[in-house]
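Peer 1: Dumping the structure here so I can ask a few things about it.
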Amino acid sequence: MGLGLVNGLPAHILLVHVVVVLAPLAALALIVCTCFPRAARRAGLALPVLALAVLVSVPLTTHTGEWLEHHVERDPLIRRHTELGDGLLPWVLGLFVLATAVWWVQRRASATPPAPAAAGWARSTPLRAVAVLLALLIGAGTLVQVYRIGDSGARAAWHDGFSATAHPGQPR
């Protein structure tokens, strides 16, 4: 892929905003949809589509980040940011798989007429408990990893790029 610059700016600094917004949104939506079956029914196909968008955007963002890494000076902060960025893909892959499973099971449960013994995660307490536990684990892991990556990226980008005191003549 040759995506390095967009309008003269590194594509990474643009694409990272997609991940920063969509990954936490998908993680929170997954948690809500597993905890509340009615929310899963209302979300429908939007839940796995959102998770898929995150799954696609993460490799694009890391690829453009690797391009950018080769166009800046070597720095331990950038190396740390890169290492953390590489760790997000397993979390969003789990998020996509679980979001798709929740959607599929909910869809099947909605298609069958209501019955006391009907299958479906909404009616199966052990299955639902596992889904909720996995959603909490994957959602929290995704949120924490996005935070850690963002924090390390901000430190790498800004560690020597500003002054803690205002410059003379600048409005405060």
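Peer 1: Quick one: is G120 at pLDDT 95 or above and either surrounded by fewer than 15 Cβ atoms within 10 Å (Cβ to Cβ) or not polar (S, T, N, Q) (or both)?
Peer 2: The answer is no for G120.
Peer 1: Can I ask one more? Of everything in the range 83-105, what is open to solvent by 30 Å² or more (accessible area, probe 1.4 Å) and in contact with a helix residue (DSSP H, G or I) (Cβ under 6 Å, 6 or more places away or on another chain)? Give them in sequence order.
Peer 2: Result: L89, W91, F96, T100, W103.
Peer 1: Right, something else. Across the range 32-70, what is the number of residues that are within 23 Å of G85 (Cβ to Cβ) and among the β-branched types (V, I, T)?
Peer 2: Matching residues across the range 32-70 total 6.
Peer 1: I'd like to know if the range 89-109 contains one or more residues that are touching a Gly at 6+ places or on another chain (Cβ under 9 Å) and modelled with pLDDT under 85.
Peer 2: Yes, the conditions are met somewhere in the range 89-109.
Peer 1: Okay, moving on. Tally up the residues in the range 6-57 that are closer than 26 Å to E69 by Cβ and either among the β-branched types (V, I, T) or surrounded by fewer than 14 Cβ atoms within 10 Å (Cβ to Cβ) (or both), please.
Peer 2: Within the range 6-57, residues that are closer than 26 Å to E69 by Cβ and either among the β-branched types (V, I, T) or surrounded by fewer than 14 Cβ atoms within 10 Å (Cβ to Cβ) (or both) number 13.
Peer 1: Another question, if that's okay. All but one of (1) part of a helix (DSSP H, G or I); (2) among the acidic types (D, E); (3) at pLDDT below 95 hold for E83; which doesn't?
Peer 2: Against the list (1) part of a helix (DSSP H, G or I); (2) among the acidic types (D, E); (3) at pLDDT below 95, E83 comes up short only on (3).
Peer 1: Take the range 42-69 and flag every residue that is touching a strand residue (DSSP E or B) at 6+ places or on another chain (Cβ under 8 Å) and more than 11 Å from V16 (Cα to Cα).
Peer 2: Matches in the range 42-69: W67, L68.
Peer 1: Considering only residues that are more than 17 Å from P48 (Cβ to Cβ) and at pLDDT 90 or above, look in the range 123-132 and name the one that is surrounded by the most Cβ atoms within 10 Å (Cβ to Cβ).
Peer 2: V132
Peer 1: List the residue pairs whose Cβ atoms are under 6 Å apart, where the first residue sits in the range 128-156 and is among the aliphatic types (A, V, I, L, M), the second is not in a helix (DSSP H, G or I), and the two are 6 or more positions apart or on different chains.
Peer 2: A131/W121
The values are calculated or read from the model by the stated rules, or taken from the named source; none is laboratory data. Everything quoted here is computed from the prediction, not taken from an experiment. Glycine also receives a Cβ, built like all others from the backbone with ideal geometry; neighbour counts cover every protein chain displayed. Note: accessible area is taken over every heavy atom of the protein model, side chains too, but ligands, DNA and RNA are not part of it. Shrake-Rupley method; radii C 1.70, N 1.55, O 1.52, S 1.80 Å.
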